[in-house]
1. With a 10 Å Cβ neighbour count serving as the proxy for reagent exposure, in which order, fewest first, do 64, 22 appear?
2. Could you give me the percent of Cα pairs per 10 Å distance bin for the stretch 4-115, shortest bin first, beginning at zero and ending with the bin that holds the maximum distance?
3. What percent do you get for the relative contact order of the stretch 4-115 when only Cα pairs under 8 Å and 6+ apart count?
4. Taking neighbour Cβ counts within 10 Å as the exposure measure, how do 29, 51 sort from fewest upward?
5. Suppose each label sits 7 Å from its Cα in the direction of the beta carbon; what would the residue 25-residue 41 distance come out to in nanometres?
6. How would the stretch 45-103 be classified by its alpha-carbon gyration tensor: rounded, prolate or oblate, with rounded meaning a/c under 1.5 and the a/b versus b/c comparison settling the rest?
7. Along the positive direction of the dipole of the chain (beta-carbon charges: Lys, Arg +1; Asp, Glu -1; about the Cα centre), which of 104, 20, 68 reaches farthest?
8. Can you tell me which of 11-21, 68-78 comes out highest on packing, and rank the rest after it, using the mean Cβ neighbours within 10 Å?
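Each value in this text was obtained by applying a stated rule to the coordinates, not by laboratory testing. A quick note: this is a predicted structure, and the numbers were derived from the prediction, not measured. Cβ coordinates were reconstructed from backbone atoms using ideal geometry, including for glycine residues, and neighbour counts include every protein chain displayed.
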Amino acid sequence: MSKKILVIDDDPIIVKYLVTLFADNGYETCSASDGAVALDIVKAENPDLITLDLEMPQEWGPRFYRKLAKDETLKKIPVIVISGLSGQHAIKDAVAFIKKPFDPDKLLGIVKKSIG
């Protein structure tokens, strides 16, 4: 059974790119366009890893991450922050912080190291 990655980003081009990149490398994917709906998707889809944008219109990534971290069953899911913003913005427990634009091979290396 393949591992599942939830892509959270408000830019549909980034979402499509990441979903395709992960699918082409054998991962299942699901996506959310902002942090407001992402928590429900996490609970429904039970992903093995989350990629998280920080700056989104409805609910920013740090706020979503704080909600995720409060849930005992969800806080163990590894999170890779992918953002155009510099700095980690209170997400110190993330597996990695990748600045946009990013190297897809570097991202895939981090994903493989995190979840296989």
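1. Working: 64 27, 22 23.
Neighbour counts put them in this order, fewest first: 22, 64.
2. 15, 55, 29, 1
3. Working: 180 pairs, mean separation 25.7, N = 112.
It comes to 23 percent, rounded to a whole number.
4. On the way: 29 20, 51 28.
Ascending number of Cβ neighbours within 10 Å: 29, 51.
5. About 1.9 nm separates the two model spin labels.
6. Values: a/c = 1.79, a/b = 1.45, b/c = 1.24.
It comes out prolate by the Cα gyration axes.
7. 68
8. On the way: 11-21: 15.3, 68-78: 13.5.
Going by the mean number of other Cβ atoms within 10 Å, highest first, we get 11-21, 68-78.
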